[in-house]
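Some notes on the structure that comes next.
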2 protein chains.
Amino acid sequence: MKLVRGFPVAEYQNRLARAQKMMAQAGLDALLLTTEAELRYFTGFLTRFWESPTRPWFLVVPASGKPVAVIPAIGAEVMGRTWIDDIRTWQSPDPIDDGVSLLADTLVELAGAGGTVGTPDRDSLFLRMPLADWARVQAAAPGLKVAGDSEIIRRLRNIKSPAEIEKIANACKIGSRAFARVPEIARVGVPLEEVYRKFQMLCLDEGADWVPYLAGGAATGGLDDIISPATDRPLADGDVLMLDTGVIWDGYFCDFDRNWAIGHATDEVRTNYAKTIDASNAAFEIAKPGNTIADLFHAMDKITTGGAGGSDAGRYGHGLGMQLTEWPSIIPSEHMPLEAGMVLTLEPGVVTPSGRTIVHEENIAITDGDPYYLSEIASADILVLS
Amino acid sequence: MKLVRGFPVAEYQNRLARAQKMMAQAGLDALLLTTEAELRYFTGFLTRFWESPTRPWFLVVPASGKPVAVIPAIGAEVMGRTWIDDIRTWQSPDPIDDGVSLLADTLVELAGAGGTVGTPDRDSLFLRMPLADWARVQAAAPGLKVAGDSEIIRRLRNIKSPAEIEKIANACKIGSRAFARVPEIARVGVPLEEVYRKFQMLCLDEGADWVPYLAGGAATGGLDDIISPATDRPLADGDVLMLDTGVIWDGYFCDFDRNWAIGHATDEVRTNYAKTIDASNAAFEIAKPGNTIADLFHAMDKITTGGAGGSDAGRYGHGLGMQLTEWPSIIPSEHMPLEAGMVLTLEPGVVTPSGRTIVHEENIAITDGDPYYLSEIASADILVLS
């Protein structure tokens, strides 16, 4: 079955209705959104043009009625294909007034001159406009009150719709097929940077729209770190190779990794790898309503560290969706209850006595009953590439 | 000759010395930097991990002495391989204190309790930390004065070193080789999304580390817009196909496009395409010290619009380097003088009577004398793929 790109308008109507209900509860007259994921969530505006930091883009969600886009003219055509009707543009970049006065006017119109505008200000959410311009917007609308977003963005995006989960599932399928083909490209003597390049080609060949994320490494018995770009060091007998990828399909990510032993696997590597599999299995078993995010952490940590409380990575997984990493973080202080519609990565790691790391990651969806895997689960024993 | 990755330490020492001289002139006791390009510029810290929005990363540049990194523990290993010595970490994500108190202490230590900290606040530069956390940092260091960065970041990065230009040149060579192979993948009947996927594979095959940007389109006689992702519409006889890509090599971008006529080219398409070539040639001819950015704009605009002042795209090119788009924008109000070490894109566009666009883009380097092309220049006549 061919998956359809985009969403029916009902998806956006539903997101907007949920947002406006939360806005009413929080006493917000408008929401100001400035980042790629926030704009796309309410409009469907999908472009890789955000790679350019030059122009600011704004969306204002009023207390009732449809969102209003305040954007550079170069984006009017693509925004015009979404369900948004009210699209206000200026010729950007404009060093004198890069959308500042148009945004201030729009905020006053939609929130009222003495209204309260919420904008995300915590939980990994940033204001994507220069601070000096934000000060000028506020100076141009002196009666306007500014507040946080009462975690509305996080609360909305934490729970995915079935249509969103389909897209994440497809990204995971693409990633799974690419991982299955790693034996075609990795063996003793191949430089890691060649493995990285060819793996990205496999992801594209298997249907990825693009490959925003690839990290990993290769070293004897485990990795030194898990966020490095590739070097030209050739794979060597005894290495553990790890590849961790986030591919995009129709604007939604997968994020999981796979490990291989190059040449042979020592007993120590086999044991450490098996621990990470046991850990993600243990979390999967209890990943259902009634338990919390912290419960997932402890189920994994018991196996990986004997309950010592994690490692430098700081967490054992996270939410996943329109971005590579979303809320919640799987940490001991996060007591958020599990709910149907959450999509999570389970990402336990084991640190070896010599200080090296083996990390394993799967992607799962939470339902009202048992969870299910979006990634094709890794083999119980580490695969050896000879 | 194989290009070497990374930079000698002298490159970073030189950047730091230039920054500290500007800081002294501006009366800044420290610079606070929070974004990928800013941290990498002063440290060499290169990782795709920034794709995750979860954790904040900070670099503090003092008035004298080396920069101090205040970063999540997960990055300590990679930062430890750079020339930075003072690396302060916390276990992130931490919803209670995600680096806030460590950053506040570091700022007070390095700037002095009553010192002035500059942080970029204009010119497409954002604060990559939640606004509520920024307020908490300032509350934790009440004597500290906060200011903009006096355009230090922009002024530094506007002028590239020879070693930086080598990396951009290599990215351009990779892009040029990939564009030369488009006849392998594009012909009547191939869906645009397949062209996009395969073109990214060609970029990787030709040596790109990754492919952060690809946009373009295909439509009869020109494009509807230039920032769309691909659709499944098959290429048709009479289409103009445009691909605009930014590939990375060792952390540096190319950014240029190429056009092809599918099946055949009408006289109108040939004429419009030739105009864009004439326009970039005209700008190239005068791209040398003594002229300004605005001069480049007018040289192109005279040919593309007869001097009407540009189009919805808002500019005819921009700076290029660690990011896909940098300063300056080629617009009529930008009177910045051209200087040796600038790397620019020339990106003139022609809007057809039916409202469609043909855009052409080259990458050039400014020297004390004549400029030179980094991209392999496009053919004078539009190429036809049959």
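The values are calculated or read from the model by the stated rules, or taken from the named source; none is laboratory data. These figures come from a predicted structure and were not determined experimentally. Because the Cβ atoms are built from the backbone with ideal geometry, glycine has one as well, and the counts that use them run over all protein chains shown. Please note that ligands, DNA and RNA were not included when accessible areas were found on the heavy atoms of the full protein model with its side chains. Shrake-Rupley method; radii C 1.70, N 1.55, O 1.52, S 1.80 Å.
Structure values in brief
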| read-out | value |
| --- | --- |
| Search result, residues across region A:257-311 that are among the basic types (K, R) and within 17 Å of A:A365 (Cα to Cα) | A:K288 |
| Region B:348-378, subset modelled with pLDDT under 95 and open to solvent by 40 Å² or more (accessible area, probe 1.4 Å), residue nearest to B:L223 (Cα to Cα) | B:R356 |
| Some residue of region A:50-63 being closer than 28 Å to B:F253 by Cβ, in a strand (DSSP E or B), in contact with a helix residue (DSSP H, G or I) (Cβ under 8 Å, 6 or more places away or on another chain) and more than 8 Å from chain B (Cβ to nearest Cβ) | yes |
| Residue ID - surrounded by the most Cβ atoms within 10 Å (Cβ to Cβ), chosen from residues in region B:151-165 that are away from chain A (no Cβ under 12 Å) and closer than 22 Å to B:L110 by Cβ | B:I152 |
| Members of region A:76-103 that are touching a Leu at 6+ places or on another chain (Cβ under 9 Å), aliphatic (A, V, I, L, M) and within 24 Å of B:E334 (Cβ to Cβ) | A:L103 |
| Residue list for region B:189-221, restricted to those being in contact (Cβ under 8 Å) with a residue 40 or more places away in the chain, of a type outside the set (A, V, I, L, M) and in a strand (DSSP E or B) | B:P191, B:W210, B:P212, B:Y213, B:G216, B:T220 |
| Tally of residues being more than 20 Å from A:R81 (Cβ to Cβ), touching a residue at least 24 places away in the same chain (Cβ under 8 Å) and not β-branched (V, I, T) across region A:26-58 | 8 |
| Given (1) within 12 Å of chain B (Cβ to nearest Cβ); (2) open to solvent by 30 Å² or more (accessible area, probe 1.4 Å), number of the condition A:G118 does not satisfy | (2) |
| Those residues of region A:57-82 which are polar (S, T, N, Q) and buried (at least 17 other Cβ atoms within 10 Å of the Cβ), in sequence order | A:T82 |
| Filter result (open to solvent by less than 10 Å² (accessible area, probe 1.4 Å) and in contact with a Gly (Cβ under 9 Å, 6 or more places away or on another chain)) within region A:179-191 | none |
| Filter pass, B:P62 being under 27 Å from the mean Cα position of the chain (by Cα) and within 30 Å of B:A171 (Cα to Cα) | no |
| Among residues of region A:80-97, those that are assigned to a loop (DSSP other than H, G, I, E, B), within 29 Å of the chain's Cα centre (by Cα) and more than 8 Å from chain B (Cβ to nearest Cβ), counted | 6 |
| Strands (runs of 3 or more DSSP E) enclosed by region A:305-386 - at least 1 residues per element that are out of contact with any Pro (no Cβ under 9 Å at 6 or more places or on another chain), among the charged types (D, E, K, R) and within 26 Å of A:E36 (Cα to Cα) | A:362-365 |
| The listed residue being surrounded by fewer than 18 Cβ atoms within 10 Å (Cβ to Cβ), modelled with pLDDT under 95 and not basic (K, R), out of A:A113, A:A139, A:A135 | A:A113 |
| Options B:L59, B:L33, B:L46, B:L39; residue that is touching a Gly at 6+ places or on another chain (Cβ under 6 Å) and under 30 Å from A:P328 (Cβ atoms) | B:L46 |
| Candidate set: region A:284-323, residues that are hydroxyl-bearing (S, T, Y) and under 24 Å from A:L125 (Cα atoms); chosen: the one surrounded by the most Cβ atoms within 10 Å (Cβ to Cβ) | A:Y316 |
| Residues (part of a helix (DSSP H, G or I) and aromatic (F, W, Y)) located in region A:108-160 | A:W134 |
| Out of A:D239, A:D232, sole residue that is of a type in the set (D, E) and either at pLDDT 95 or above or crowded, with 17+ Cβ neighbours inside 10 Å (or both) | A:D239 |
| Test: residue in region B:83-90 that is open to solvent by less than 60 Å² (accessible area, probe 1.4 Å), of a type outside the set (S, T, Y) and under 30 Å from B:K2 (Cα atoms) | yes |
| Search result, residues across region A:13-39 that are open to solvent by 20 Å² or more (accessible area, probe 1.4 Å), closer than 16 Å to A:M79 by Cα and assigned to a helix (DSSP H, G or I) | A:E36 |
| Any chance B:T345 is buried (at least 23 other Cβ atoms within 10 Å of the Cβ), within 24 Å of A:P53 (Cα to Cα) and at pLDDT below 95 | no |
| Every residue from region A:202-221 that is facing chain B (nearest Cβ under 7 Å) and out of contact with any strand residue (DSSP E or B) (no Cβ under 9 Å at 6 or more places or on another chain) | A:D205 |
